[in-house]
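Visitor: Okay, handing you the structure first.
The values are calculated or read from the model by the stated rules, or taken from the named source; none is laboratory data. Note that the structure is a prediction, hence the values are computed from the model and not measured. Cβ placement follows ideal geometry from the backbone for every residue including glycine, while neighbour counts extend to all protein chains displayed. Surface accessibility is based on the protein's heavy atoms, side chains included, excluding ligands, DNA and RNA. Shrake-Rupley method; radii C 1.70, N 1.55, O 1.52, S 1.80 Å.
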Amino acid sequence: MDAGAQLLRARVEKVTVRNGRVECVHVSEKGYHRSIPTHIFVNAAGPMLQKVSEIIGLELPIFHERHPKVSMRDTLGILPRHAPLLIWEDSQRLTWEDEDREILAGSKETQWLFNGLPSGVHVRPESGPESQNILFLWPYDLEPVKPTFPVPIPASYPEIALRELVTMLPDMKICLERMPKPVVVGGYYTKTKENRLLCGPLPIDGAYVLGALSGYGLMAASGAGELLAAELSGSTLPEYAPAFTLERYENPVYLKMLQDWSPTGQL
Ligand SMILES: Cc1cc2nc3c(=O)[nH]c(=O)nc-3n(C[C@H](O)[C@H](O)[C@H](O)COP(=O)(O)OP(=O)(O)OC[C@H]3O[C@@H](n4cnc5c(N)ncnc54)[C@H](O)[C@@H]3O)c2cc1C
């Protein structure tokens, strides 16, 4: 702000592009409209990256996964408050009571619960030592989806995630009998296929992107922001800058690398 920036809380509705160059950004909020003449527009709309991109007639090579997480009180103190973030990396099978198994295995919608299931349950204490809250999630359904809000989360999610958690922390089984009231929130990971963020110019003069930060956007925010700032201010770019541009997908060497890409590193 000291440098002259102005924060405007409003929705980008339209961008005027003339002769291949950004000219004006049009925003609105609660019936209030404003047009901002500018030659620079950065699309950093998170899960709405594609939607905002369509405003300027571009399609980005991205997709979205839904990622819910559960906050629950661990009233019995099963997870020590000093525990670090724990991640279960083996695939597994969930255990069910006989009665539940019969019902769930008999329904087409729930038969998948009896297949070998993916790894990846996360758990960690939430807040300080005096809190009883724990946070856990299990990304078992990673089908690409179109982001909608509020994020639709199956009512069964907390129990299914808790069952996976029991594999890692067997004492949690007691919570299956009487589950403390869970609070479930969720969002979307916006990703490129190789799970590498997008940062740099778009093929419209003055338009830029910073997004597809997947599940590591908080950790990567400072570096990605610095890279974009260098781009916008015409500073010398670090040598790794091309690895994050949209243009990388036109580089035959990069495309070849993509064919042999190792696991994306998503936890
Ligand atoms: C459950 C969950 C847990 C996560 N945990 C972690 C973690 O532990 N560590 C980590 O590093 N990352 C984590 N992430 C990922 C991280 O949250 C994202 O990578 C990061 O928020 C992406 O930042 P962003 O700025 O691209 O998008 P966002 O943070 O979503 O910001 C996009 C902004 O654009 C605005 N916007 C959208 N459309 C418009 C429009 N038309 N006009 C104006 N503004 C618009 C939105 O209102 C929003 O403010 C998690 C994500 C989820 C879903």
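Visitor: Each residue of the stretch 238-251 in turn: what ³J(HN,Hα) in whole Hz from Karplus with 6.51, -1.76, 1.60 and θ = phi - 60°, glycine and Pro shown as x?
Guide: x, 5, 7, 3, x, 5, 10, 7, 5, 4, 4, 6, 9, 8
Visitor: Let me ask you something else. Run the 1.4 Å probe and let me know the accessible area of residue 124, rounded to the nearest 10 Å².
Guide: Rounded to the nearest 10, the figure is 100 Å².
Visitor: List the residues whose amide H sits under 5 Å from the amide H of residue 186, counting only those 5 or more places along or on another chain, with H placed 1.01 Å from N in the peptide plane.
Guide: For residue 186, whose amide H was placed from the backbone, the distant partners under 5 Å are 69.
Visitor: Based on the Cβ-Cβ distance from residue 19 to residue 141, what FRET efficiency comes out when R0 is 41 Å, to the nearest 0.05?
Guide: Efficiency, from the Cβ-Cβ distance: 0.35.
Visitor: Spin-label point model (7 Å from Cα, Cβ direction): what's the residue 76 to residue 54 distance in nm?
Guide: A separation of 4.8 nm, rounded to one decimal place.
Visitor: Using the C-alpha gyration tensor of the stretch 63-191, what are the square roots of 5 times its eigenvalues, in whole angstrom, with the largest one first?
Guide: 23, 20, 13
Visitor: Convert each backbone phi in the stretch 182-198 into a coupling constant with the Karplus relation 6.51 cos²θ - 1.76 cosθ + 1.60 (shift: θ = phi - 60°), then list the ³J(HN,Hα) values in order as whole Hz, x for Gly and Pro.
Guide: Taking θ as phi minus 60°, the curve returns x, 10, 10, 10, x, x, 10, 8, 9, 9, 8, 5, 9, 6, 10, 5, 10 Hz for the stretch 182-198.
Visitor: So if each residue of separation counts as 0.36 nm, and I subtract the Cα-Cα distance between residue 256 and residue 241, what length gain in nm does that give?
Guide: The span from residue 256 to residue 241 would gain 3.5 nm if fully extended.
Visitor: How many nm is it between the label spots at residue 87 and residue 10, if each spot is 7 Å from the Cα in line with the beta carbon?
Guide: Distance between the two pseudo-spin positions: 4.1 nm.
Visitor: Dipole of the stretch 104-227, Cα-centred, from +1 at each Lys and Arg C-beta and -1 at each Asp and Glu C-beta, to the nearest 20 debye?
Guide: About 200 debye.
Visitor: Net charge around residue 32, counting only other residues with Cβ within less than 15 Å of its Cβ (Lys, Arg = +1; Asp, Glu = -1)?
Guide: Here the charged neighbours net out to +3.
Visitor: Could you give each residue of the stretch 207-214 its phi-based ³J(HN,Hα) in whole Hz, using Karplus coefficients 6.51, -1.76, 1.60 with θ = phi - 60°, and x for Gly or Pro?
Guide: 9, 9, 10, 9, x, 6, 8, 6
Visitor: Regarding the chain, what are the three Cα extents along the principal axes, ordered largest first, in Å?
Guide: Between the extreme Cα coordinates on each principal axis of the chain lie 68, 45, 37 Å.
Visitor: In 5 Å bins starting at zero, report the fraction of Cα pairs in the stretch 210-252 per bin as a rounded %.
Guide: Bin by bin from 0 Å, the calculated values are 5, 20, 29, 25, 16, 5, 0.
Visitor: Near the amide H of residue 13, under 5 Å away, which other amide H atoms are found, from residues 5 or more places off or on another chain, if H is placed in the peptide plane?
Guide: Sorted by chain and number, the residues that satisfy this are 26, 27, 28.
Visitor: Separation of the stretch 98-140 and the stretch 166-221 by C-alpha centroid, Å?
Guide: Here the two parts' Cα centres lie 17 Å apart.
Visitor: Out of the total accessible area of the chain (probe 1.4 Å, heavy atoms of protein only), what percent is carbon and sulfur?
Guide: Accessible surface attributable to carbon and sulfur in the chain totals 54 percent.
Visitor: Quick one: which residues, 5 or more positions from residue 214 or on another chain, have an amide H under 5 Å from its amide H? H modelled 1.01 Å from N in the peptide plane, none for Pro or chain starts.
Guide: HN-HN under 5 Å from residue 214: 190.
Visitor: While we're here: Over the stretch 63-191, what is the relative contact order in percent, taking alpha-carbon pairs closer than 8 angstrom and at least six residues apart?
Guide: The value is 43 percent.
Visitor: Let me understand the stretch 98-169 better: what is its radius of gyration from the alpha carbons, and its Dmax, in angstrom?
Guide: In order Rg, Dmax, the Cα atoms of the stretch 98-169 give 14.7, 44 Å.
Visitor: Accessible area per residue, 1.4 Å probe, Å², for the stretch 63-191: what's the number?
Guide: 59 Å²
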